[in-house]
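Data first, discussion second: the structure below is written as structure tokens.
The values are calculated or read from the model by the stated rules, or taken from the named source; none is laboratory data. These numbers were taken from a predicted model, which means no experiment stands behind them. When we count neighbours, we look across all protein chains shown, and the Cβ atoms used for this are built from the backbone with ideal geometry, even at glycine. Just the protein is used for accessible areas: all its heavy atoms, side chains included, with ligands, DNA and RNA removed. Shrake-Rupley method; radii C 1.70, N 1.55, O 1.52, S 1.80 Å.
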Amino acid sequence: MAIPSKKILIPLDYIKKITPINSPVDDNIMNSAAYVAQDKWVRPYLGDALYNKIVTDTAAGTISGNYLILRDTYMADAIAWWCYYEALPHCTYKIDNGTINQRVSDDTQPIDNSTLNRLLDSGRNNAEYYTKRLSEWICANSDLFPELSTNTDEQRSPISQTATVPAVSFSTGNSASSRTGYIPDRNLLRKLPL
């Protein structure tokens, strides 16, 4: 069975340029983390219809206009920092032959979990900032993207972040402002075992 390829919306070099991740990091780790970052953390703010259009146009090399601005100016930084957040634990640990190993070499020393958690918190703070910026821009410019209101019932509609809504609320509409919510509790990370 052939595994379909997943289109990463931004170059890995861009991620390595604006985050502390440097060039020697394995591209397999980066590709996996970048896909998870864009699908798990950014896609919900676009909804399926807009996200799929951007992926399709990027793959075809035909992305332009407001879609290009959205991808390169607002999505790219959010994806990059969520990629950092997703990749960081995998840069420290490696699954090999059914066991989990900590990566070490002659000229490096592994970090402890508290240092890893501080780095994850820092990366998450940056990712949340850029995701909020993305969400605010989409809401302010929702009239530029008709796909925000064309999701079908089985597709995810976009969410928008609001500071006053403590939970998710739904309306009967299917537009950028019809589904609101918040970025998940940042303390959730501290509650998860690493």
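Taking amide H as placed 1.01 Å from N in the peptide plane, the amide H of Tyr93 sits under 5 Å from that of Arg103, each at least 5 places away or on another chain. Enumerate the residues in segment 72-99 having an amide nitrogen under 19 Å from the point lying 7 Å beyond the Cα of Ala59 toward its Cβ. Zone members listed by number: 72. Computed from phi, the 3J(HN,Hα) profile of segment 126-139 under the Karplus parametrisation 6.51, -1.76, 1.60 (θ = phi - 60°) reads 5, 4, 5, 4, 5, 5, 5, 4, 4, 4, 5, 5, 4, 5 Hz, with x in place of Gly and Pro.
Extension gain, Asn101-Ser114: 0.36 nm per intervening residue step, less the Cα-Cα distance, totals 2.9 nm. Binning the alpha carbon pair distances of segment 1-146 at 10 angstrom intervals from zero yields the distribution 11, 38, 32, 15, 5, 0, expressed in whole percent. Residues Asp57, Asp106, Asp96, ordered by accessible area of protein heavy atoms at a 1.4 angstrom probe radius and largest first, appear as Asp106, Asp96, Asp57. The lysines within cross-link reach of Lys17, meaning a Cα-to-Cα straight distance under 20 Å and a gap of 8 or more places when in the same chain, are Lys7. The portion of the accessible surface of segment 1-126 made up by carbon and sulfur, rounded to a whole percent, is 51 (1.4 Å probe; DNA, RNA and ligands excluded).
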